[in-house]
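Q: This is the structure I want to talk about, given as structure tokens.
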Amino acid sequence: MKAHIHIIATIWLALSLNSCKKSEGELSPSGIIDNYSVPQGNNTYDQTIVGYYQKYGTYLLYEFSEKDAYWTPTDWKKPLPGGAGGSWSAGTEVAGSNPENIPAQLELLDKSLFQHYPNAFLKTFLPVKILLCSKVDSVYNTYVFTPVYTATKAVKKVPAHYNYDNIAVNYGDATISTMTAAEKLAFLARVNLVFIQSIISRGLVKPTSEFINSADYITAMTTQAQAYGKGIILSYSSVNATADWNAYITAMVTYSEADLNKTVVITNTSAVGILNPTKDTTGSIKKRYSIVRNYFIDNYQVDLQKIGNASRGL
């Protein structure tokens with residue numbers, strides 16, 4: 001009997017984890033996730049949303065439940081009070097867009113995200129849902145000592161956030177009409193980073209054998225310089241091929257080529273300067289960088305470095 005229950009639980013979990021991955025021709029999400037439908041109304045922008053669904057198979061929702069936003073198979077991600085000293089759990093709070101601001105928000109999303117990728121790439125890799133939001137607030141705690149530490153909830157507005165099967169995008173409110181050039185650039189950078197992070201989180205693109213075999217992950221290292229010499233850009237103390245592959249992808253979409261070629265001290269452990277000889281003493285990083293970059297160009301017609309350049313306004 002216990003074995004039977006264990007098998008059922010395993011199957012349920014597998015279905016749940018696979019539900020955030022889209023498949024060709026899918027009309028509704030699989031697993032236990034609720035059914036969605038578009039249009040959600042009869043406004044002109046609803047037809048724009050339907051058009052995006054027809055192209056990408058992704059639901060752009062401005063009306064959604066807390067389950068849509070916060071549920072995962074292993075945890076409820078909504079920030080909640082109740083910790084020591086009145087602290088809040090980490091997470092991001094969201095709220096649906098204001099109807100009058102949705103047309104401008106859709107235009108911003110199209111220019112900042114959709115136009116940077118081929119339709120086939122978006123259809124394959126966009127998550128099930130994009131939540132159109134008037135609020136995407138990262139929640140954290142501030143503390144005062146009076147005479148014990150007491151927590152106070154604090155929030156920080158962020159342009160976009162990823163959770164399991166959805167990306168929540170901000171600026172579905174009046175602030176979209178007063179966005180500065182810097183804010184638009186920050187939105188572009190964040191929404192593309194979050195999109196790529198969602199692909200990484202779902203494990204949809206694995207390191208190639210060429211990439212795995214181009215570095216020695218077995219022999220122990222004692223300095224970061226040794227890691228860089230092998231073409232490994234993550235910390236020398238704990239790294240594997242998958243994490244390193246993901247680090248290369250993230251570096252490309254986060255930094256411009258100029259950033260990656262800057263001269264910095266070798267103790268700088270960010271991706272800045274990884275293509276400069278100061279860090280790339282053997283040329284191995286540049287070789288492995290090309291493997292990753294060319295993989296996406298050859299297989300998906302996507303140059304990830306162009307995303308990083310655009311995120312820096314280039």
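The values are calculated or read from the model by the stated rules, or taken from the named source; none is laboratory data. Here the structure is a predicted model, which means the values were calculated and not measured. Here the Cβ positions follow ideal geometry from the backbone for every residue, glycine too, while neighbour counts run over all protein chains shown.
Q: How many residues, within region 196-252, are among the aliphatic types (A, V, I, L, M) and free of Cβ contacts under 8 Å to residues at least 12 places away in the same chain?
A: Step one: filter region 196-252 for residues among the aliphatic types (A, V, I, L, M), giving 196, 199-200, 204-205, 212, 215, 218, 220-221, 225, 227, 232-234, 239, 241, 243, 247, 249, 251-252.
Applying the additional criterion that residues be free of Cβ contacts under 8 Å to residues at least 12 places away in the same chain yields 218, 220, 243.
Number satisfying all stated conditions: 3.
Q: Scan region 161-220 residue by residue and report those that are loosely packed, with under 14 Cβ neighbours inside 10 Å and under 15 Å from THR250 (Cβ atoms).
A: Answer for region 161-220, where residues must be loosely packed, with under 14 Cβ neighbours inside 10 Å and under 15 Å from THR250 (Cβ atoms): GLY203, LEU204.
Q: Same structure again: Has region 56-70 got any residue that is within 23 Å of ILE196 (Cα to Cα), among the hydroxyl-bearing types (Ser, Thr, Tyr), surrounded by 12 or more Cβ atoms within 10 Å (Cβ to Cβ) and modelled with pLDDT under 95?
A: No, region 56-70 contains no residue that is within 23 Å of ILE196 (Cα to Cα), among the hydroxyl-bearing types (Ser, Thr, Tyr), surrounded by 12 or more Cβ atoms within 10 Å (Cβ to Cβ) and modelled with pLDDT under 95.
Q: In addition: Restricted to region 134-157, and to residues that are buried (at least 17 other Cβ atoms within 10 Å of the Cβ) and in contact with an Asp or Glu (Cβ under 7 Å, 6 or more places away or on another chain), which residue is farthest from ASN101 (Cα to Cα)?
A: So the first thing to find is which residues in region 134-157 are buried (at least 17 other Cβ atoms within 10 Å of the Cβ), and the list is 134-137, 139, 141, 151.
Next, only the ones that are in contact with an Asp or Glu (Cβ under 7 Å, 6 or more places away or on another chain) stay: 134-135, 137, 139.
Working: SER134: 9, LYS135: 12, ASP137: 18, VAL139: 24 Å.
So the residue we want is VAL139.
Q: Here is a further query. Among the numbered criteria (1) within 24 Å of LEU185 (Cβ to Cβ); (2) touching a Lys or Arg at 6+ places or on another chain (Cβ under 6 Å), which one does GLY57 miss?
A: (1)
Q: Ok, one more. When you go through (1) in a loop (DSSP other than H, G, I, E, B); (2) surrounded by 15 or more Cβ atoms within 10 Å (Cβ to Cβ); (3) of a type in the set (A, V, I, L, M) one by one for ALA247, which number turns out not to apply?
A: (1)
Q: Identify, by number, the condition in (1) assigned to a helix (DSSP H, G or I); (2) under 20 Å from TYR171 (Cβ atoms) that LEU60 doesn't meet.
A: Answer for LEU60: the failing condition is (1).
Q: Pull up region 93-113, narrow it to residues that are farther than 23 Å from LYS78 by Cβ and of a type in the set (D, E, K, R), then point me to the one that is surrounded by the fewest Cβ atoms within 10 Å (Cβ to Cβ).
A: Looking at the filtered set, the residue picked out is GLU100.
Q: Any idea how many residues of region 261-287 are among the aliphatic types (A, V, I, L, M), crowded, with 18+ Cβ neighbours inside 10 Å and in contact (Cβ under 8 Å) with a residue 24 or more places away in the chain?
A: Pass one, region 261-287, residues among the aliphatic types (A, V, I, L, M): 264-266, 271-272, 274-275, 285.
Narrowing further to those that are crowded, with 18+ Cβ neighbours inside 10 Å: 271-272, 274-275, 285.
Next, from what is left, pick out any that are in contact (Cβ under 8 Å) with a residue 24 or more places away in the chain: 271, 274, 285.
Number of matching residues: 3.
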